[in-house]
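Take a look at the structure below.
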Amino acid sequence: MLNSFYPGEIWPDDHGVHINAHGGGVLFEDGVYYWYGEHRIEGTAGNVAHVGVHVYSSQDLMNWTDRGIAFDIRDGKVPECPDGCIVERPKVLRSLTTGKYVMLFHYEADKKYRNAAVGFAVSDTPIGPFVFHHIQRPNPGVWPVNTPDALKDAALIAKTRETMADVSGGMNDKAPTLSILGACFESGQESRDMTLFRDDDGKTYHIYSSERNATTHIAQMTDDLLGYAGNYCRVFENRWMEGQAIFKHNGKYYIVASGCTGWAPNAARSAVADNIFGPWRELGNPAVGPEAEVTFRGQTNFALSLPDGRVILMLDRWNPQNAIDGRYLWLPVEFDGERPIIRPPAPWQL
Ligand code: GAL
């Protein structure tokens with residue numbers, strides 16, 4: 001039995017095997033926590049999907065029982081998700097209207113990362129099996145509530161369509177001069193790194209890196225969690241954020257995210273807002289102390305809010321040379337005034 005968190009160490013499950021749930025998220029229901037994440041295999045082959053989404057359960061957040069593959073793409077079971085596709089950053093919530101468990105994940109047909117779409121899968125139980133439902137991009141045919149007029153300009157959109165194939169998903173000078181938003185108006189908006197958030201009023205939001213990762217979107221979902229309510233907003237324009245984690249504290253909304261440097265770590269950012277659609281005010285890197293500038297070699301992944309109000313920030317310490325050996329940094333969030341703080345990884349107790 002584990003009595004502490006050991007961030008960055010091997011984290012054994014009930015079989016003594018390192019937990020295999022990377023880039024994931026946690027659902028809490030009826031006293032049980034469910035941890036969903038990317039199942040990764042050994043070596044560099046593990047940087048793409050071969051298995052699906054693994055789920056573990058726990059009542060104390062330290063000792064986790066392996067509940068198997070919740071969303072299984074092995075052996076061509078899901079034709080849309082062939083071997084070597086991308087199934088990243090899975091998050092699960094239960095629809096308050098249908099009672100179904102719905103998993104959203106970042107979907108790509110292959111490692112070129114050009115689909116920039118969301119996969120949906122549905123289950124009657126929290127541990128699955130999650131059945132593939134559909135793939136889409138958020139909000140086709142709908143402008144965000146705060147669209148600058150310049151991004152609706154037909155000539156700019158036409159120019160963007162001609163040139164955007166050359167614009168990478170990494171930080172670049174070109175994306176801010178185009179209207180990726182407008183070029184994706186019909187197809188739906190690009191969605192890569194992502195998370196889900198349920199607000200106190202029961203509304204659910206999908207937060208995702210869009211516009212070639214340059215700008216984050218926050219989109220309200222339909223109550224069945226299978227689509228978009230048509231109400232969304234652009235935030236952190238041209239700030240290239242990924243790994244978005246969101247939580248509420250003292251009535252305010254907080255986002256902690258990484259910059260955009262692939263598997264390599266960078267300095268995290270944090271921001272606060274009174275309303276989920278903003279305006280958001282950036283508060284800087286929440287990491288303090290040694291290796292803060294690379295967020296302790298971790299990338300933010302999910303903010304786990306406990307019933308008593310405390311927040312655990314979950315980060316991945318990726319190992320792209322041996323993906324299965326990626327480590328987890330679960331760190332308690334402290335506050336310095338309104339600024340969230342995380343301290344260097346060391347064993348800790350709840
Ligand atoms: C990271 C992203 C990961 C994964 C990776 C692929 O920036 O946060 O989820 O997509 O890039 O290189």
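Read the figures in this text as sums done on the coordinates, not as results from a lab. What you are looking at is a predicted structure, and each value in this text was computed from that prediction instead of being measured. Note that each Cβ is placed from the backbone with ideal geometry, even for glycine, and that neighbours are counted across all protein chains shown.
Which of the listed residues, I69, S209, T97, is farthest toward the dipole's positive end in the chain, when Lys, Arg count +1 and Asp, Glu count -1 at the beta-carbon?
The residue sitting most towards the positive pole is S209.
Could you list log10 I(q)/I(0) for segment 22-341 at q = 0.07, 0.08, 0.12, 0.14 Å⁻¹, which the Debye formula gives when each Cα is one point scatterer?
Here the Debye-derived log intensity ratios amount to -0.25, -0.33, -0.78, -1.10.
Using amide H atoms built in the peptide plane, which far-off residues or other-chain residues are under 5 Å from W240 H to H?
Here T215 satisfy the definition.
Once you charge only the Cβ atoms, +1 for Lys and Arg and -1 for Asp and Glu, what is the size of the charge dipole of segment 22-341 about its Cα centre, to the nearest 20 debye?
320
Listed highest first by mean packing, meaning other Cβ atoms within 10 Å per residue, what order do 160-166, 298-304 come in?
Ranked from most to least packed, the peptides come out as 298-304, 160-166.
Under a point spin-label approximation (7 Å from Cα along Cα-to-Cβ), what is the A158-D30 distance to one decimal in nm?
5.9
For the pair I10 and E338, what calculated FRET efficiency results from E = 1/(1 + (r/R0)^6), where r is the Cβ-Cβ distance and R0 = 30 Å, to the nearest 0.05?
On the way: r = 36 Å, r/R0 = 1.18.
Taking R0 as 30 Å, the efficiency between E338 and I10 is 0.25.
What length, rounded to one decimal in nm, is gained on full extension from N275 through to L2, with 0.36 nm per residue of separation minus their alpha-carbon distance? Write down the numbers at each step before the final one.
Values: separation 273, 0.36 × 273 = 98.28 nm, distance 3.84 nm.
Once the chain is fully extended between N275 and L2, it gains 94.4 nm.
At 0.36 nm per residue, minus the direct Cα-Cα distance, what do T65 and E237 gain on full extension? Give it in nm, one decimal, please.
Working: separation 172, 0.36 × 172 = 61.92 nm, distance 4.04 nm.
Full extension of this stretch gives 57.9 nm more.
With +1 on each Lys and Arg Cβ and -1 on each Asp and Glu Cβ, how big is the dipole of segment 197-350 about its Cα centre, in debye rounded to the nearest 20?
I would put it at about 240 debye.
Report relative contact order for the chain in percent, whole number only (criteria: Cα-Cα under 8 Å, sequence separation at least 6).
15
Is it possible to state the helix-based mean residue ellipticity at 222 nm for the chain, with each DSSP H run of 4+ residues giving -39500 (n - 2.57), the sum divided by total residues, to the nearest 500 deg cm²/dmol? What is it?
-1000 deg cm²/dmol
Determine, for each peptide in 244-251, 180-187, the mean count of other beta carbons within 10 angstrom over its residues, then list the peptides with the highest first. Before the final figure, lay out the partial values.
Working: 244-251: 17.8, 180-187: 19.4.
Top of the packing list down: 180-187, 244-251.
Quick one: angle between helix 154-163 and the longest Cα principal axis of the chain, in degrees between 0 and 90, rounded to 10, please.
Roughly 60 degrees, rounded to the nearest 10.
Could you sort 65-72, 192-199 so that the peptide with the highest average Cβ count within 10 Å comes first and the rest follow in order?
Sorting 65-72, 192-199 by mean packing, highest first, produces 192-199, 65-72.
In whole Å, what is the distance between the alpha-carbon centres of segment 277-350 and segment 8-56?
First find each Cα centre; the distance between them is then 18 Å.
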